[in-house]
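The block underneath contains the structure these notes are about, expressed in structure tokens.
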Amino acid sequence: MTIIDGILDLQQYDFTDTSFDLLMQKRIHRVLVICSNYDNYMLEEDGRIDEQIFNEYASLNLRYPPTFVQTDNAEDAFRILQDGNIDLSSQC
């Protein structure tokens, strides 16, 4: 395939603008972090993960950064997930 053929192949795709609200249909409001208390402390102290995410949201003019819920065992994690309202979970 030559460069010209590659350019012609691109013409078959639709590159129209997509409005921002359509890109943000699924927002993350609550994040479940499953890790030991020590790991959670290190995440907060080293990276200030919630502060970094807040600053990123502010720089993008977004209003509601997610809140973090932390647990250190599977029982609590399953209970929290069953209660609902968790949009994303992460394990350390």
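Derivation of every value follows stated rules applied to the coordinates shown; laboratory data play no part. Small disclaimer: the values here were computed from a predicted structure and weren't measured. Here the Cβ is made from the backbone with ideal geometry for all residues, glycine too, and neighbour counts use every protein chain on show.
Assorted remarks:
- Gain on full stretching of the segment that runs from D46 to K26 - 0.36 nm per residue minus C-alpha separation: 4.3 nm
- Rounded to two decimals, the Cα-based Rg/Rh of region 22-92, with Kirkwood Rh, is 1.00.
- In this rough spin-label picture, where each label sits 7 Å from Cα along the Cβ direction, the E75-L88 distance is 2.9 nm.
- Region 19-91: relative contact order as a whole-number percent, Cα under 8 Å and 6+ apart: 54 percent
- Region 63-78 - phi-based ³J(HN,Hα) in whole Hz, Karplus 6.51/-1.76/1.60, Gly and Pro as x: 9, 10, x, x, 9, 10, 10, 10, 9, 10, 9, 5, 4, 4, 4, 5
- Subtracting the Cα-Cα distance of L60 and Y38 from their residue separation scaled by 0.36 nm leaves 4.8 nm.
- Residues whose amide H falls under 5 Å from that of V69, counting only those 5 or more places apart or on a different chain, are V31, L32, V33, with hydrogens built in the peptide plane.
- In order through region 36-42: 3J(HN,Hα) via Karplus (6.51 cos²θ - 1.76 cosθ + 1.60), integer Hz, x for Gly, Pro: 5, 4, 5, 4, 5, 4, 5
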